[in-house]
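One structure below.
The values are calculated or read from the model by the stated rules, or taken from the named source; none is laboratory data. Everything quoted here is computed from the prediction, not taken from an experiment. For neighbour counting, all protein chains shown are included, and Cβ atoms are generated from backbone atoms with ideal geometry for every residue, glycine included. Side chains are part of the model used for accessible areas, which takes the heavy atoms of the whole protein and leaves out ligands, DNA and RNA. Shrake-Rupley method; radii C 1.70, N 1.55, O 1.52, S 1.80 Å.
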Amino acid sequence: MTDHLERLLTETRVPAPPGTDDAVLLGTGLVDGAMIHDSPAGDVVVAFNPTGVVSVDLPGDDLDERHQARFGRRLVEARPPTAWAKHLDRALEDGRPGNLPLDLRTLTGFQRAVLDLTASIPRGEVRPYGWLAAGVGRPGATRAVGSVMATNPVPLIVPCHRVVRSDGRIGAYSLGGSDIKHLLLESEGADPEGLENLARRGIRYLGSNTTGIVCFPTCRHARRITEAHQVPFRSLADAEAAGYRPCEVCRP
């Protein structure tokens, strides 16, 4: 751990009860361990306890203060269990939890359902807030879904960078801002600038006039449509009125 992070993790610590050391507190879940980890977004601080990974955050002078305010536990320097190492590396790289345990006990059932569905979005593809809202059985909760994305405690592991605004624009990102979101999508093979251009033109879906199927623009099937056979649509209703059927893979 760098001297910088060690200072951040120690300068605001709350004294432990007499006779209790950090290892014991961490083992009982009374504090959270933290370590700096490389990620596609650069250095991040991964916090964890025996239940699982609690948060992924950016280093900063107020790191410990922010963590205590949100989770009620201070941070101590530690490394996660060795058995988690490969799962953590893969989760940060692939953008899905896989076999990595997460501690999401502070979230509501709705929030967890939204994050579970978010974790199913493939690399290099995006989905709008409304898709998530409909997918968890709350089609009118688009704004609430946006709040879940903004407060996702484990970005990168649960890929909220793959969720865009309802108008198709890329939107904000809690882990470093929209520039990081663009960078992550580009690294996964998406075209954020192209998506922004489609959004400015009001295009939300792409159909193929050879298959009669309509998809989200980043769907792997949509990427195969040659320009000559692309049919843009502003809404799914327009596509269905034109005789197109929704893709069974991206489920627009």
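Scanning segment 203-229 for residues that are in contact with a strand residue (DSSP E or B) (Cβ under 8 Å, 6 or more places away or on another chain), over 22 Å from Pro128 (Cβ atoms) and free of Cβ contacts under 8 Å to residues at least 24 places away in the same chain yields a total of 2.
Can you name the residue in segment 46-58 that is more than 15 Å from the chain's Cα centre (by Cα) and open to solvent by less than 50 Å² (accessible area, probe 1.4 Å) and, of all such residues, is farthest from Glu188 (Cα to Cα)?
Out of the qualifying residues, it is Asn49.
Taking the criterion of being over 17 Å from Ala172 (Cβ atoms) and of a type outside the set (Val, Ile, Thr), the residues of segment 131-148 that qualify are Trp131, Ala133, Ala134, Gly135, Gly137, Arg138, Pro139, Gly140, Ala141. Within segment 122-151, if we keep just the residues that are part of a loop (DSSP other than H, G, I, E, B) and under 13 Å from the mean Cα position of the chain (by Cα), the residue that is farthest from Gly177 (Cα to Cα) turns out to be Pro122. Per this entry, Pro155 is counted among residues that are open to solvent by less than 10 Å² (accessible area, probe 1.4 Å), of a type outside the set (A, V, I, L, M), in contact with a strand residue (DSSP E or B) (Cβ under 8 Å, 6 or more places away or on another chain) and closer than 22 Å to Leu92 by Cβ.
The criterion of at least 3 residues that are under 30 Å from Gly109 (Cα atoms) is met by the following helices (runs of 4 or more DSSP H) wholly inside segment 152-252: 178-187. Scoring Ile36 on the criteria (1) over 24 Å from Ala150 (Cα atoms); (2) open to solvent by 40 Å² or more (accessible area, probe 1.4 Å); (3) at pLDDT 90 or above; (4) not charged (D, E, K, R) leaves a single failure, condition (1). Just one of (1) under 30 Å from Val44 (Cα atoms); (2) touching a Phe, Trp or Tyr at 6+ places or on another chain (Cβ under 7 Å) fails for Tyr173. It is (2).
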